[in-house]
Amino acid sequence: MASPSYKDSFVNGIWKENPVFVQVLGMCPALAITNSVENAIAMSCAVMFVLVTSNALVSILRKWVPKEVRIAVFILIIATFVTVTDYAVKAISVPIYKAMGPFIALIVVNCIILSRAEAFSSKNNVLKSILDGLGMGIGFSIALLCMGGVREILGSGSFLGHPLFGANYEPWVIFVLPSGGFFTLGAWLFIFAWWRERGARNKKPEGHQA
């Protein structure tokens with residue numbers, strides 16, 4: 001299988017291989033943390049940091065790690081950067097740290113990060129691995145912000161804590177509850193799939209003319 005270009009390494013994670021809306025990975029934080037935009041941003045930054053740094057280190061060490069222990073080594077690398085992230089978030093904002101609860105620690109077993117280490121970084125150079133981590137991180141961030149925006153606006157009547165509709169607005173409380181996360185995710189999966197299908201249909205006539 002041919003190695004992807006530098007551009008594809010970055011762009012694929014944002015759209016074509018979006019970790020949430022296409023690969024349906026990282027569902028735990030996508031459902032649990034996105035009851036507000038602030039929490040979504042914090043988790044997005046944490047995951048992106050771990051993705052980029054672990055991808056880079058896995059790529060650097062890929063030729064020296066025996067195949068028999070590669071998964072254990074990958075998890076150890078990811079756990080190291082998750083620990084750094086955990087302490088950093090706690091130092092920057094205790095309220096956000098408390099709101100995110102155990103989900104920072106659970107980044108260690110996030111399928112997105114481990115899958116990129118195994119499927120991409122262990123087979124490609126450092127720059128491509130960093131670009132892949134950035135692309136996947138941005139794609140993950142877009143998904144969380146889409147969900148967090150809808151859930152906070154409808155469920156709390158605010159955006160980033162700022163009221164939008166005045167005192168008479170009756171919040172749709174279901175959207176800040178766990179069930180609201182499933183409804184919002186389902187709606188966004190449908191919209192994303194429809195948009196990609198629409199784009200694919202629009203490209204077909206061009207291909208036939210060529």
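If the elastic network links every pair of Cα atoms under 10 Å, which of Ile75, Ile138, Ile14 fluctuates the most in the Gaussian network model of the chain? Among Ile75, Ile138, Ile14, the largest GNM mean-square fluctuation belongs to Ile75.
In this structure, Ser5 and Thr80 have a Cβ-Cβ separation that, at R0 = 25 Å, corresponds to a calculated FRET efficiency of about 0.25. Remark: the Val126-Trp172 segment gains 12.0 nm on full extension, using 0.36 nm per residue and subtracting the alpha carbon distance. So which residue, out of Asn12, Asn168, Asn124, gets the largest mean-square fluctuation from a GNM of the chain using Cα contacts under 10 Å as springs? Judging by the Gaussian network model, the answer is Asn168. Neighbour counts of C-beta atoms inside 10 Å place Lys123, Lys63 in the sequence Lys63, Lys123, starting with the fewest.
Just to be sure I understand the rule: take each whole DSSP H helix in the chain, project its Cα atoms onto its long axis, keep it if the span is 30 Å or more and its mean Kyte-Doolittle hydropathy is at least 0.0. Which ones pass? TM-like helix candidates: 37-61, 70-92, 126-156. Residue exposure proxy: Met147, Met100, Met48, ordered by other Cβ atoms within 10 angstrom of their Cβ from fewest to most, comes out as Met48, Met100, Met147.
Between Leu61 and Leu106, full extension at 0.36 nm per residue minus the direct alpha carbon distance yields a gain of 13.8 nm. Over 31 Å apart at the Cα level, from the set Lys16/Lys67; Lys67/Lys203; Lys98/Lys123; Lys67/Lys90; Lys7/Lys90, are Lys67/Lys203; Lys98/Lys123; Lys67/Lys90; Lys7/Lys90.
Residue order for Lys67, Lys128, fewest other beta carbons within 10 angstrom first, comes to Lys67, Lys128.
In the chain, the DSSP-assigned H stretches of four residues or longer account for a calculated mean residue ellipticity at 222 nm of -22500 deg cm²/dmol, using -39500 (n - 2.57) per stretch and the full residue count as denominator. Select one label from (1) 1.01; (2) 0.97; (3) 1.12: the one whose number is Cα Rg over 2.2 N^0.38 Å as derived from the coordinates shown. Evaluating Cα Rg over 2.2 N^0.38 Å on these atoms matches (3).
Computed over the chain with a Gaussian network model linking Cα atoms closer than 10 Å, the most mobile of Phe140, Phe120, Phe190 is Phe190.
No value in this document is a laboratory result; all are computed from the given coordinates. Just so we're clear, the structure is a prediction, and the values are computed from it rather than from any experiment. Glycine gets a Cβ as well: all are built from the backbone with ideal geometry, and neighbour counts include every protein chain shown.
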